[in-house]
Amino acid sequence: MLSIDAVVIGSGINGMLTALEFSKVFPDLEVVIFEKEKYSGEHSTSRNSGVLHAGIYYPYNSLKREMCIKGNKIWDDLATEKDIKINRCGKYVVACGDEELPILSKFYKRAEENGVEEIRWVEGEELDNLKELVDVKKSFFSSKTGSIDLSDTIKKFENELYNKNIPLMKDSEVLNIKVEDGQFIVETKNEVLKTKILINSAGLYSVKIRRMLGLFDLEDYWVKGFYLKYSKKMKCTSLIYPVPLKNLKGLGVHTSFDSDGTVRFGPNAFDTNQIYYGHEDQDFETMYQAICRVFKCVQKDFLSFDYSGIRPKIKLNGELYTDFWVKGPKEHGISGYYEMCGIESPGFTASPAIAKLVIEKILNEN
Ligand SMILES: Cc1cc2nc3c(=O)[nH]c(=O)nc-3n(C[C@H](O)[C@H](O)[C@H](O)COP(=O)(O)OP(=O)(O)OC[C@H]3O[C@@H](n4cnc5c(N)ncnc54)[C@H](O)[C@@H]3O)c2cc1C
C-alpha cells in the first residue's frame, strides 16, 4: 500500500492553504490533497460574498476574531506575492431604524475593542450620499474590509500547488478511514493509502469525515442563502451591510461585488438539510423582500438569480457552536488527526491564519 506523510481532505481555500503551509514548514515531507469534486472550491469557497472581513462582529475571545484579523492582514501580503486581486473598497455598516441605533453603537464599540483598524463614523455629505441608497439613520465605515476575486484566487493557489509538486487528486472522494498501528488507512474512490498525518478540511462534509474516526459530538447545522445579481449600475463603490439583528443566521442581506464590479445582494439565511444549490420561484420574492428591507430604489426587473451557498454551521452536543472548531490530538485524543469544522464566515478571510494554526498544532505534537 502506498504510504505518504500527510493527507489533506478537501481543496477548498482551507485545504489548499493548509497543504501549502505544510509543505513550506516541512519541505522534506510529502502531502497530497484529495478532493471529491472535479473542481477545487466547488462548495463554500466559490459560493460566498467574497468579502475580506475586518473582524467587527466576533466576540473578543473567539477564534473567529483572532483568525479573521490575522487572516485579513496576511491577504495583503498574499495579494502582493501572488498577484491576487483584492479591492480594498471598505464597507458601510448602516442602521436603518431608531431601534437599530444601539446595535450599531454596540458593534462600533466591539470593533474598537477587537482591535479593528480604520473604523470611523460617517457624517455630512458622505451620509447624505448613502441616504440615496438606504434609509440610513447612522453608519460607520470600515476601510479594512475588502472584496476578493474568488475564482482568480482559487486558480492562483491551484497553480501554486502544481508548482510546489503537491498532488491535488480531484474526483477522489474519501469514502472511509481506519486507524491501524497509529496510522490512517484512507480509502478514496480510486485508491487506498496510508498516512501518519490526516487533515480534515472537508467543509460541509467535515462532520461526516470525523464520524469515520468515531468522533460523534458534533452534528451539522446547514444554513442556505441566495444571491441575486443587479444588472443596473449602483452609485456606490463600497460594500453596504445592515447591522446584524439578533438571532440572525448570517450578517443580513448586503451588497457584494463580482470581479467586473457588478453588484449582487445576499445572502439570506434559512435552514436546510441537503446540499442542493438550486432555487424555486418563490425564493426570488423572499430575497426581493429582504433586499427592500434595507435598500431603496432597487428595481426588481434588474435582479436575477446568481448563486447560492450553504453555511457549514455545527452543533456541539446538540447546542449551536458559534466559533470556528480547529482541533488537534490534544483536544480529541486521536494522534496525527487535525480538523477544521464549522468554518463559516469569516472563514475565507481567516483561511491563511487557520492554515498556520493547523501547522502550529502539528509542530506542537511532534
Ligand atoms: C453564503 C456564504 C457566504 C459567505 N461569505 C463569506 C465572506 O464574505 N467572507 C468570508 O471570509 N467568508 C465567507 N463565507 C465563509 C467561507 O466561504 C468559508 O469559510 C470557506 O470557503 C470555507 O472553506 P473550506 O475550504 O473550509 O470549505 P469548502 O470550500 O467547502 O471546501 C471543502 C472541500 O472539501 C471537499 N470534500 C468534502 N468531503 C470530501 C471527501 N469525503 N473527500 C474529498 N473531498 C471532500 C469538498 O468537495 C470541498 O471542495 C461564506 C460562506 C457562505 C456559505
Candidate set: region 307-366, residues that are near the ligand (Cβ under 9 Å from one of its atoms) and of a type in the set (S, T, N, Q); chosen: the one farthest from Asp5 (Cα to Cα): Ser308
Among (1) outside any strand (DSSP E or B); (2) surrounded by fewer than 19 Cβ atoms within 10 Å (Cβ to Cβ); (3) over 22 Å from the mean Cα position of the chain (by Cα) - the single one Arg120 does not satisfy: (1)
Failed condition for Pro346, given (1) touching a Lys or Arg at 6+ places or on another chain (Cβ under 7 Å); (2) surrounded by fewer than 22 Cβ atoms within 10 Å (Cβ to Cβ); (3) under 20 Å from Asn72 (Cβ atoms): (2)
Residue match in region 29-51 (condition: among the aromatic types (Phe, Trp, Tyr) and more than 10 Å from the ligand (Cβ to nearest atom)): no
Of all residues making up region 76-92, the number that are of a type in the set (Val, Ile, Thr) and closer than 11 Å to Thr145 by Cα: 1
Selection count, region 59-116, where residues are touching a residue at least 40 places away in the same chain (Cβ under 8 Å), among the β-branched types (Val, Ile, Thr) and more than 18 Å from Tyr241 (Cα to Cα): 4
When residues of region 151-179 are limited to those that are acidic (Asp, Glu) and in contact with a strand residue (DSSP E or B) (Cβ under 8 Å, 6 or more places away or on another chain), the one surrounded by the most Cβ atoms within 10 Å (Cβ to Cβ): Glu158
Test: Cys89 is away from the ligand (no atom under 12 Å from the Cβ), surrounded by fewer than 21 Cβ atoms within 10 Å (Cβ to Cβ) and modelled with pLDDT under 95: no
Candidate set: region 194-227, residues that are away from the ligand (no atom under 13 Å from the Cβ) and of a type in the set (A, V, I, L, M); chosen: the one farthest from Val8 (Cα to Cα): Leu218
Selection status of Ile310, buried (at least 22 other Cβ atoms within 10 Å of the Cβ), modelled with pLDDT of 95 or more, assigned by TED's automatic domain parsing to the domain that holds Asp135 and β-branched (Val, Ile, Thr): yes
Helices (runs of 4 or more DSSP H) lying entirely in region 260-366 (those with 2 or more residues that are over 26 Å from Met16 (Cβ atoms) and not aliphatic (A, V, I, L, M)): 281-294
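The values are calculated or read from the model by the stated rules, or taken from the named source; none is laboratory data. Bear in mind the structure is a predicted one, so any value in this text is a computation, not a measurement. Glycine gets a Cβ as well: all are built from the backbone with ideal geometry, and neighbour counts include every protein chain shown.
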